[in-house]
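Asker: Dropping a structure here in structure tokens format, bear with me for questions.
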Amino acid sequence: MDTTQYYEYIKILNFKPDTFNKKQFDKDAEFGKYIYTDNLGNKVIESSGEYFKSIGEDESEYIQVTILRENPLLSLYKEFYPDCIIKRKSLYFLDNNSIGVTQEFDRNGKMIREINEDKKYNNIRHRDIISFLIKENLYNDSTKEIKGELSVTFIKKEKNNQEIKQLQNKDVWIIKNFISPPTFENIYYIDAQTGDILSHLYKGKEMMQDKKLLEFTKFIKKNPTPNLLNIK
């Protein structure tokens, strides 16, 4: 991660105060969740720490996820101690793909650790996947609309199920797009090292071709990567 990328991530992590309004949450939360739009137009989902307690970790009392209006593929995730002091904050690209920098804090709100999340990825990063989503009309960067239900997951080869031939014992990005009605689904398996599409499933039937479906890295070179977020 170069210096420019680092400060871009830090800018996003710090673009709003690390606060949790417990009084407002206790008043408006339903079934343990409180969903609202903040004054910047971002969708915010807050929840209590019952999940952490259920798995035997009771230090994180509150969770706050802010889906960024300028790029809804990204979300700012924060955990808070029971007294609402910040405990951890990370940036996520859809689902559970942590990117950029994760910061951890002690009980007084002092940062004690910084983690470079980008180290776990290969040549193909989330920016490249965003470019691919735009090309496939699964995400509109102008209107910020996501087509149907969209999930993207990065999987290391050691966690792959070797019975799934599409993974071919590689680090992969798996993109799933589900639209209903009419009901159909696109599933892409992308080599995280080369960017080649290993497989493309449509309505559950594999599209077989003798040649590679796409040399994704060539596409990336010809198409500028969209900005993560333009925060003023």
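The values are calculated or read from the model by the stated rules, or taken from the named source; none is laboratory data. All values derive from a computational prediction rather than experimental measurement. Backbone-built Cβ (ideal geometry, glycine too); neighbour counts: all protein chains shown. The area values use the complete protein model at the heavy-atom level, side chains included, leaving out ligands, DNA and RNA. Shrake-Rupley method; radii C 1.70, N 1.55, O 1.52, S 1.80 Å.
Asker: For GLU104 and LYS144 in the same chain, what is the full-extension length gain: residue separation times 0.36 nm, less their Cα-Cα distance, in nm? Don't skip to the end; give the middle numbers.
Answerer: Working: separation 40, 0.36 × 40 = 14.40 nm, distance 3.03 nm.
Result: 11.4 nm gained on full extension.
Asker: In addition: Please give the per residue accessible area of region 61-135, computed with a probe of 1.4 Å over protein heavy atoms only, in Å².
Answerer: Numbers: 2870 Å² over 75 residues.
Using a 1.4 Å probe on heavy atoms only, each residue of region 61-135 averages 38 Å².
Asker: Within region 6-28, list the residues whose amide N lies under 12 Å from a label point set 7 Å along Cα→Cβ of TYR36.
Answerer: 20-28
Asker: Another question about this same structure. With the contact rule set at Cα under 8 Å and sequence spacing of 6 or more, what percent relative contact order holds for region 1-124? Mind dumping the intermediate values first?
Answerer: Values: 218 pairs, mean separation 21.9, N = 124.
This gives 18 percent for region 1-124.
Asker: Can you pick out the pairs among LYS119/LYS176; LYS43/LYS156; LYS89/LYS110; LYS23/LYS78; LYS22/LYS43; LYS43/LYS144 whose Cα atoms lie more than 20 Å from each other?
Answerer: Values: LYS119/LYS176 24 Å; LYS43/LYS156 30 Å; LYS89/LYS110 12 Å; LYS23/LYS78 18 Å; LYS22/LYS43 18 Å; LYS43/LYS144 13 Å.
Where the Cα-Cα span goes over 20 Å, the pairs concerned are LYS119/LYS176; LYS43/LYS156.
Asker: If r is the Cβ-Cβ distance from ARG69 to ASN123 and R0 is 22 Å, what FRET efficiency results, to the nearest 0.05?
Answerer: Details: r = 30 Å, r/R0 = 1.35.
Calculated value: 0.15.
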